[in-house]
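For reference, the structure discussed in these notes is given below.
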Amino acid sequence: MPFNNIGEILNNVKNVSSQISSRLDLDSLSKSQAPLVFWVGCADSRVSPNLVTGTDLGDMFVHRNVANIASLEDANFVSSMEYAVGVLKVKHLVVCGHSGCGGVNAAMNKAYPTPTIKNWLSKPEKDFEWVLKNSSKKLVEQDKLSFLAKHNAQTQIKGLLEHPLIKEAVSNGELTLHALFYDIKSSSLELLLTLDNDQVSAA
Ligand SMILES: [Zn+2]
């Protein structure tokens, strides 16, 4: 149900906390975490990683930003990634794009609400322009958006192999990378691309 004010959200914590404590061993969870997945997703309010996957506290280490960009030039992202892969030793790294992504739409149309967002999406903007120019598919506007969001998620996981920590973990078979696409209307996840040690050693 939609919340109308912050007080309602704060009050709701009491209801939720009893559900959480009956479901999980919070004593042991409070001492450590051992997530299976490092999830990189969009900051969009409709694509909450734990909610859409039905996972729980402790299951996924999460990093979110506008348009799920996994940039090795972004210290914020790299800090999360190095902690997840290097310290927590997650087995799977997911980059999840989604339908109706405002960030992808902004980069596609070169129409940005603020200069900082324009700067943040400068790399995808150039990439999208090139991809649309070179695509053999004839895409209508709505399909273009999902096509680019899917392309973007795959581009992000491919780019991550340039980081030595990720390259090594994937080569050793300790880490698998996945590009996913979440469709909001059907609440479904599509697996777009998997990169594991077979692909990396074949490349
Ligand atoms: Zn988005």
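No value in this document is a laboratory result; all are computed from the given coordinates. All values derive from a computational prediction rather than experimental measurement. Neighbour counts are summed over all protein chains in view; Cβ atoms, including those assigned to glycine, are modelled from backbone coordinates with ideal geometry.
If each DSSP helix of 4+ residues adds -39,500 (n - 2.57) and the sum is divided by the residues in the chain, what number results at 222 nm, nearest 500 deg cm²/dmol?
-13500 deg cm²/dmol
Which loop trypsin sites (Lys or Arg not before Pro) in the stretch 142-187, with loop taken from DSSP, have no more than 10 other Cβ atoms within 10 angstrom of their Cβ?
Taking the stretch 142-187 and a limit of 10 other Cβ atoms within 10 Å, the loop trypsin sites (Lys or Arg not before Pro) found are Lys185.
Once you've got the GNM for the chain with C-alpha springs shorter than 10 Å, pick whichever of His98, His63, His163 has the biggest mean-square fluctuation.
His163
Using modelled backbone amide H atoms (1.01 Å from N, in-plane), which distant-in-sequence or interchain residues come within less than 5 Å of Thr176's amide H?
Those lying under 5 Å, H to H, from Thr176 are His92, Leu93.
Among DSSP beta bridges whose residues both lie in the chain, state the antiparallel percentage, nearest 5.
30
Could you list the trypsin sites (Lys or Arg not before Pro) in the stretch 1-106 that lie in coil according to DSSP, counting only those with at most 15 other Cβ atoms within 10 Å of their Cβ?
Those satisfying the criteria are Lys31, Arg46, Lys89, Lys91.
Exceeding 25 Å between C-alpha atoms, which entries from my cross-link table qualify? They are Lys126/Lys150; Lys89/Lys158; Lys89/Lys167; Lys110/Lys167; Lys91/Lys167.
The answer is Lys110/Lys167.
What residue among Val52, Val85, Val140 has the largest mean-square fluctuation in a Gaussian network model of the chain, using Cα springs under 10 Å?
For the chain, modelled as a Gaussian network with Cα springs under 10 Å, the answer is Val140.
Only helices at least 24 Å long along their own axis, judged from Cα atoms, and with Kyte-Doolittle mean hydropathy of 0.0 or greater: name those in the chain from DSSP H.
Within the chain not a single helix satisfies the rule.
Which of His163, Ala107, Ser21 sits farthest toward the positive end of the charge dipole of the chain, with +1 on the Cβ of Lys and Arg and -1 on the Cβ of Asp and Glu?
About the Cα centre, the residue reaching furthest to the positive side is Ala107.
If amide hydrogens are placed 1.01 Å from N in the peptide plane, which non-local residues have theirs closer than 5 Å to the one on Val62?
Distant-sequence amide H within range of Val62: Trp39.
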